[in-house]
1. Starting from the range 107-118, keep only residues that are under 9 Å from Val87 (Cα atoms), then list their pairs with residues that are of a type in the set (A, V, I, L, M, F, W, C) and surrounded by 12 or more Cβ atoms within 10 Å (Cβ to Cβ) whose Cβ atoms are within a distance under 6 Å, requiring at least 6 positions of separation or different chains.
2. Kindly indicate the residue of the range 101-115 that is open to solvent by less than 60 Å² (accessible area, probe 1.4 Å) and of a type in the set (A, V, I, L, M) and also nearest to Ala75 (Cα to Cα) among those meeting that condition.
3. Those residues that are open to solvent by 90 Å² or more (accessible area, probe 1.4 Å) and of a type outside the set (S, T, N, Q), I need them from the range 1-28; list them, please.
4. Give the range 105-133 a look and list any residue that's assigned to a helix (DSSP H, G or I) and either of a type in the set (S, T, N, Q) or under 15 Å from Phe92 (Cα atoms) (or both), or say none.
5. Can you pull out the residues in the range 93-104 that are part of a helix (DSSP H, G or I) and small (Gly, Ala, Ser)?
6. Of the residues Thr55, Thr98, Thr119, which single one is of a type in the set (Val, Ile, Thr) and either under 17 Å from Glu31 (Cβ atoms) or surrounded by 14 or more Cβ atoms within 10 Å (Cβ to Cβ) (or both)?
Amino acid sequence: IFFEQTADDYREDQKAQIEKEATKIFLSTAEHVKGRKGLRITENYGLEIIQSDGTVEDLRSSGIEHIIAVSLIGALQATSPVKGPVVMDSPFGRLDMTHGDRVMNLLPELAPQVLLLATDRELPEGTASSILDPSQIIGERKLKKLTANQTVLEPVGGGSR
């Protein structure tokens with residue numbers, strides 16, 4: 001019973017820390033909507049938005065779902081004793097320009113290394129260095145199709161970064 005209670009206590013402590021970190025990221029990224037208190041982990045380990053009055057926000061856009069997912073990724077990274085890279089595919093597809101820029105500015109804080117797989121519609125070529133400090137960018141590459149069976153990575157803008 002002692003070990004079961006200890007495990008339960010540890011799990012609840014971890015959940016509380018993850019909720020706190022996810023809420024901090026979420027509120028800073030989606031700050032334009034007033035009346036939100038934060039995020040709460042559900043019994044199924046999903047995240048729900050809690051309003052200032054304690055009610056759960058029912059209607060959520062795909063953009064807000066995306067910001068919640070980024071908030072969870074950041075919270076897991078922040079509370080984990082082991083830091084790893086974050087890989088994001090289509091990181092801005094469901095976000096407007098304002099929220100896309102906020103997520104982009106958040107990326108250096110999420111993890112020591114972030115790999116974005118983005119289309120030119122989401123992140124036009126060369127845009128990353130206009131939003132982020134260029135010293136934070138190790139490299140930008142684009143796919144170039146050579147044949148039906150061969151694609152290569154080449155530097156963006158002709159540079160060697």
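The values are calculated or read from the model by the stated rules, or taken from the named source; none is laboratory data. For clarity, every value in this text was computed on a predicted model and none was experimentally measured. Neighbour counts are summed over all protein chains in view; Cβ atoms, including those assigned to glycine, are modelled from backbone coordinates with ideal geometry. To get the accessible areas, we keep the full protein, side chains included, count just its heavy atoms, and leave off ligands, DNA and RNA. Shrake-Rupley method; radii C 1.70, N 1.55, O 1.52, S 1.80 Å.
1. These pairs meet every condition: Val114/Val86; Val114/Leu107; Leu115/Val87; Leu116/Met88.
2. Selected residue: Leu110.
3. Ile1, Phe2, Phe3, Glu4, Tyr10, Arg11, Glu12, Lys20, Lys24
4. Asn105, Leu106, Leu107, Ala128, Ser129, Ser130, Ile131
5. Within the range 93-104, Gly100 is the sole residue that qualifies.
6. Thr98
Yes or no, residue by residue, for (1) modelled with pLDDT of 85 or more; (2) within 17 Å of Leu27 (Cα to Cα):
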site	(1), (2)
Ile64	yes, yes
Pro91	no, no
Leu107	yes, yes
Gln113	yes, no
Val156	no, no
Ser160	no, no
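Table: residues versus (1) among the small types (Gly, Ala, Ser); (2) outside any loop (DSSP other than H, G, I, E, B); (3) touching a residue at least 60 places away in the same chain (Cβ under 8 Å).
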site	(1), (2), (3)
Gln17	no, yes, yes
Phe26	no, yes, no
Glu31	no, no, no
Leu39	no, yes, no
Glu48	no, yes, no
Ile73	no, yes, no
Lys83	no, no, no
Met88	no, yes, no
